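The values are calculated or read from the model by the stated rules, or taken from the named source; none is laboratory data. Everything quoted here is computed from the prediction, not taken from an experiment. Ideal geometry is used to build each Cβ from the backbone, glycine not excepted, and the neighbour counts take in all protein chains shown. Ligands, DNA and RNA are stripped out before the accessible areas are found, and what is left, the full protein with its side chains, is counted by its heavy atoms. Shrake-Rupley method; radii C 1.70, N 1.55, O 1.52, S 1.80 Å.
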Amino acid sequence: FEIFNLDMKTGDTLKVKGKVSDDADGFSINLGCSSSDLAFHFNPRFNESVIVCNSKCSNAWQAEHRDNHLCFSKGSTIKIIIEMLADKFQAKLPDGHEVEFPNRHSYDKIKYMSVKGGFRVTSFKL
């Protein structure tokens, strides 16, 4: 699942709904300018019971942030709400917990989005 003309701006909220595969090791929601320049990589990993967030610059990953609050499981249907602020991204999880990650590239517009791994998007709204 990839979108190349998203037009997400500072202050916008992206809602992604979908179903986690029964056999998923994890999945990722990626926001940025392209697949090699990501402002926000949101990556729940079920085998580690952690949510890893990161950014990528010219195809090079930067320092990971890890959050041990994984409140959903394989086979569940979930909604994740991602808000883009001037200095950070805020991802609200299904139980209300928020994961924050700095806007390291100071992007004010996101045009690329991808969803990879064991997650099937059923709807998304910007």
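Quick look at the values:
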quantity	calculated
Label-point separation, Asp37 to Lys9 (7 Å along Cα→Cβ), nm	1.9 nm
Portion, in percent, of the accessible area of the chain that falls on carbon or sulfur, probe 1.4 Å	45 percent
Where the chain is the region considered: accessible area per residue in Å², 1.4 Å probe	49 Å²
Inter-probe distance in nm under a simple model that places probes 7 Å from Cα toward Cβ, at Glu98 and Ser123	2.4 nm
Set of lysines with alpha-carbon distance to Lys109 below 28 Å, sequence-local pairs under 8 removed	Lys9, Lys15, Lys17, Lys19, Lys56, Lys79, Lys88, Lys92, Lys125
Sorted peptide list for 58-66, 7-15, criterion being average Cβ within 10 angstrom, highest first	7-15, 58-66
Check: the chain dipole with +1 on Lys, Arg Cβ and -1 on Asp, Glu Cβ, in debye	320 debye
Calculated diffusion of the range 7-126, Stokes-Einstein form, Kirkwood radius summed over Cα pairs, 20 °C and 1.002 mPa s, µm²/s	151 µm²/s
